Amino acid sequence: MTDPTPTSTSTTWPWIVMAVAGLVTFVASMTVSPDAVQGQLSRIMYVHVPSAWLAYLAFIVTMAASAMYLWKRDLKWDRRAAASAEIGVVFTGMALGLGMIWAKPTWGVWWTWDARLTLTSIMFFIYLGYLALRRTTDDLDVRARRAAILGVLAVVQVPLVHFSVEWWRTLHQPATLLRPEGPEMATSMLVTLLIAVMAFTVMYVAMMFKRIELARLEDAVLIAEQASDGAVAGAAVTTPTIGRGTA
Amino acid sequence: MGFFSQARLITSRDLVRERRSGEVLWVTLPFGAIALLLVPMAIGTDAPLLEQVGTGLFWAIVMLFGVLISIRQTTGETQAQRDQLALTGIDAAAIYVGRATASFVLLVIFEVVLGLVTIVLYDVPVSGWWLVPILITIVAAGLSLLGTLAASIVSTGRNAAALVPLLVAPLSIPLLIGATQALEVLDLGGSSLAWVLMMIVSTLVLAVAGVLSARPLQEI
């Protein structure tokens with residue numbers, strides 16, 4: 001176990017990186033020509049697809065960091081796993097929400113019982129469970145060990161979600177970027193999408209940096225609280241009140 | 001004492017405890033039966049509709065209420081009891097297997113009784129009767145392994161009783177889909193083999209994951 005060392009959270013470069021990455025995605029997605037069929041609605045794709053990619057990446061990093069924790073038993077790996085899972089949950093929620101906004105005008109419904117959609121929502125709930133599991137105990141080592149095992153097991157959802165469009169007949173379109181035959185898309189859209197994916201990946205790195213920094217401080221506070229909460233021997237013994245006592 | 005003797009000892013202990021408390025028989029089972037009674041009141045007592053949804057509803061209730069059976073040790077055991085059990089020297093993996101086996105036995109009973117209630121209340125046709133015992137066995141095995149694993153992970157932490165179902169419910173979906181689709185495919189004249197195989201693979205993965213994680217989790 002590595003004791004968390006309090007550090008400052010005043011590092012500003014991650015905020016700048018996040019803002020620039022967000023701006024790049026916005027400019028790229030708003031300047032590319034709209035899709036011939038879907039029109040302006042296709043712009044959602046430049047945030048939806050990178051969000052889904054980031055969710056995959058985040059949960060794979062959670063698995064790798066969890067495995068590293070189980071091997072090394074160093075809390076820094078636990079903090080990395082937790083930070084990545086938290087970011088993954090946010091971006092899975094974003095991918096689901098944006099997908100629903102896109103689906104209503106395109107498919108006519110907010111939600112359909114499609115394999116990709118259903119499995120993505122299951123993945124979302126499993127990682128919510130992972131985050132909830134981390135709140136069940138204040139013992140850092142116990143928390144890390146429990147979360148690490150779930151973090152390793154839960155990653156099975158990632159290939160299930162990704163390949164669901166190949167394994168089942170679904171309404172959701174098959175993979176257009178990550179497919180063996182290469183991307184299937186107009187060059188301008190492909191370039192924009194790749195810029196958005198890269199920007200989101202850079203944003204993820206910056207978010208990870210800030211979240212890990214914060215997690216280290218949270219752990220330090222927890223340890224300090226536990227040290228100050230220690231009951232003093234005889235603390236429960238109080239002076240007996242005689243008669244009505246004093247006012 | 002060998003691994004399987006240790007596991008058998010834990011199974012006997014859990015079953016004796018269940019015989020004394022009657023938690024599954026007198027609480028969870030009637031709770032599941034009440035759920036089967038409540039659903040028609042919510043969706044309407046239309047006989048053809050109930051006949052159509054009966055099988056799927058049975059499996060959904062087995063998944064949701066079966067979790068309560070497989071996690072009963074989470075609420076029934078304190079950390080001190082766990083520590084004491086660990087100090088006896090019994091292999092953590094044997095404890096996992098023993099607990100899951102006890103849950104398996106209870107889940108089979110639960111499924112059989114609820115299955116009969118479903119047939120009576122919903123007038124569900126018993127097609128593919130030869131497949132039903134196989135599905136009941138695999139679902140009971142998978143759910144008991146999954147519930148025991150989730151209960152071991154959460155252990156006696158805060159909100160444990162509520163958190164375990166949150167972890168188990170999404171992970172039990174391969175079993176739920178497999179069980180419902182296997183019977184549906186059979187009704188349509190197809191082969192259920194692929195669905196049954198998927199359920200078996202899921203169950204085996206859970207068994208391996210549970211045995212491998214038992215020792216690291218017992219350090220807690």
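Determine the residues within segment B:184-220 where the difference in accessible area between the chain on its own and the full set of protein chains amounts to at least 40 Å²; count protein heavy atoms only and use a 1.4 Å probe. Going by heavy-atom accessible area, the residues of segment B:184-220 that drop by at least 40 Å² are B:216, B:219, B:220.
Note that segment A:124-211 shows a convex hull volume over its alpha carbon atoms of 132 Å³ per residue.
Shown are A:59, B:104, whose ranking by accessible area with a 1.4 Å probe and every protein chain present, most to least, is B:104, A:59. Computed on segment B:29-182, with alpha-carbon pairs under 8 angstrom and 6+ residues apart, the relative contact order is 37 percent. Once you reduce segment B:76-100 and segment B:172-217 to the center of their Cα atoms, the two points are 27 Å from each other.
Listed by chain and number, the lysines whose C-alpha is less than 29 Å from the C-alpha of residue A:210, apart from same-chain residues fewer than 8 away, are A:72, A:76. The angle separating the long axis of helix A:140-154 from the principal Cα axis of greatest extent in chain A is about 20 degrees. Rg and Dmax over the alpha-carbon atoms of the protein assembly as shown stand at 25.8, 90 Å.
Out of the total accessible area of the protein assembly as shown (probe 1.4 Å, heavy atoms of protein only), what percent is carbon and sulfur? It would help to have the intermediate numbers written out before the result.
Details: 16200 of 23390 Å².
Summing carbon and sulfur atoms, their accessible area is 69 percent of the total for the protein assembly as shown.
Computed with a 1.4 Å probe over protein heavy atoms only, the accessible area of residue A:104 comes to about 80 Å².
Once the 1.4 Å probe is applied to the protein heavy atoms, the protein assembly as shown comes out at 50 Å² accessible per residue.
I need to check one value: relative contact order of chain A, counting alpha carbon pairs closer than 8 Å and at least 6 residues apart, in percent. Provide the component values of the computation, followed by the final result.
Numbers: 267 pairs, mean separation 82.3, N = 247.
Worked out over chain A, it gives 33 percent.
Here is the size of segment B:83-126 from its Cα atoms: Rg then Dmax, 17.4, 52 Å.
For the peptides A:45-54, A:142-151, residues were scored by their other Cβ atoms within 10 Å and the scores averaged per peptide; the highest-first order is A:142-151, A:45-54.
The values are calculated or read from the model by the stated rules, or taken from the named source; none is laboratory data. Just so it is clear, the model here is predicted, and its values are computed rather than measured. No Cβ is skipped: glycine too gets one built from the backbone with ideal geometry, and neighbour counts run over all protein chains shown. When the accessible area is computed, the model is the full protein with side chains, heavy atoms only, and any ligands, DNA or RNA have been set aside. Shrake-Rupley method; radii C 1.70, N 1.55, O 1.52, S 1.80 Å.
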